[in-house]
Amino acid sequence: YKNQKKFLELNEQKKTAELTALRNQLNPHFLFNTLNNLYSLTLDKSDKAPEVIERLSDILDYILYRCTDNYVPIQKEIELIENYLTLEKIRYGKRVSIKFEHLADKDVKIAPLLLLTFVENAFKHGVCQELGQAKIEISLTLKNADIIFSTFNSKPNNVAEIQQENEEHLGIKNIKKQLKLLYPNSYDLQISEKGNSFSVILKLKAK
């Protein structure tokens with residue numbers, strides 16, 4: 001019994017250490033992108049810079065101090081996404097049309113920072129190289145005991161994307177590892193890429 005208990009404790013410690021390492025891979029990437037945005041605004045002496053600093057402060061406070069547990073209230077993740085979207089709206093202006101619909105029970109919990117990676121990817125691959133107006137649609141709903149999250153982004157047709165067949169973005173690989181650790185046999189992730197669009201549907205068992 002003691003050996004089994006010790007084994008379970010060690011296994012849990014390993015899981016926690018692995019999750020921490022995965023989240024540490026994600027955070028610097030997000031911070032780097034946001035600081036680049038702020039740097040551009042300050043160079044232009046934009047009046048929007050103070051709002052960016054305030055939103056960034058809220059985001060960092062959440063990432064560094066408010067999401068240390070394996071599962072957090074889903075409302076906190078909604079606020080994180082809204083703060084991120086505000087920053088991107090300031091950055092891209094009329095270059096992107098953004099729609100975010102959400103309906104969630106405040107008592108439901110979800111693993112932190114999972115959804116943000118998909119939102120980041122939507123901007124990275126749908127807006128950055130778009131010469132016209134890009135479109136991003138995000139939805140977060142509850143159905144029975146499931147959390148259903150989806151993203152859709154248009155893709156620029158003026159830029160040829162060069163990508164190796166076996167190459168997968170680091171952020172998505174990271175998320176898949178976290179899903180296996182936190183939602184074993186209780187999640188479904190579908191990623192669809194077409195000529196002019198990219199979409200994600202993630203279904204999780206609510207905590």
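Please give the FRET efficiency for SER97 paired with GLN75, using the beta carbon to beta carbon distance and R0 = 22 Å, rounded to the nearest 0.05.
Efficiency, from the Cβ-Cβ distance: 0.30.
What is the diffusion coefficient of the stretch 23-117 in µm²/s, taking the Kirkwood radius over Cα pairs and the Stokes-Einstein relation at 25 °C with a viscosity of 0.890 mPa s?
It diffuses with D of about 172 µm²/s by this estimate.
Using the structure shown, list the pairs from LYS94/LYS135; LYS76/LYS207; LYS48/LYS94; LYS143/LYS203; LYS76/LYS177; LYS99/LYS135 with a Cα-Cα distance above 19 Å, or answer none.
Values: LYS94/LYS135 11 Å; LYS76/LYS207 14 Å; LYS48/LYS94 15 Å; LYS143/LYS203 10 Å; LYS76/LYS177 22 Å; LYS99/LYS135 8 Å.
Where the Cα-Cα span goes over 19 Å, the pairs concerned are LYS76/LYS177.
Quick one: 3J(HN,Hα) in Hz for the stretch 48-64, Karplus 6.51/-1.76/1.60 with θ = phi - 60°, rounded, Gly and Pro as x.
Along the stretch 48-64, the couplings run 7, 4, x, 5, 4, 4, 5, 5, 5, 4, 5, 5, 5, 4, 5, 5, 7 Hz.
Using θ = phi - 60° and the Karplus curve 6.51 cos²θ - 1.76 cosθ + 1.60, what whole-Hz ³J(HN,Hα) does each residue of the stretch 186-194 get, with Gly and Pro shown as x?
Ordered by residue, 3J(HN,Hα) equals 9, 8, 9, 10, 10, 10, 10, 10, 10 Hz.
Compare the Cα positions of PHE118, LEU85, LEU103 along the charge dipole of the stretch 81-132 (+1 at Cβ of Lys, Arg; -1 at Cβ of Asp, Glu; about the Cα centre) and return the one farthest towards the positive end.
Highest projection toward the positive end goes to LEU85.
In nm, give the distance between the simple-model label positions of TYR65 and GLN133, each being 7 Å from the Cα along the Cα-to-Cβ direction.
4.0 nm
Computed from the coordinates by the stated procedures, all read-outs in this text should not be read as laboratory data. Everything numeric in this text was worked out from a predicted model, so none of it was measured. Cβ coordinates were reconstructed from backbone atoms using ideal geometry, including for glycine residues, and neighbour counts include every protein chain displayed.
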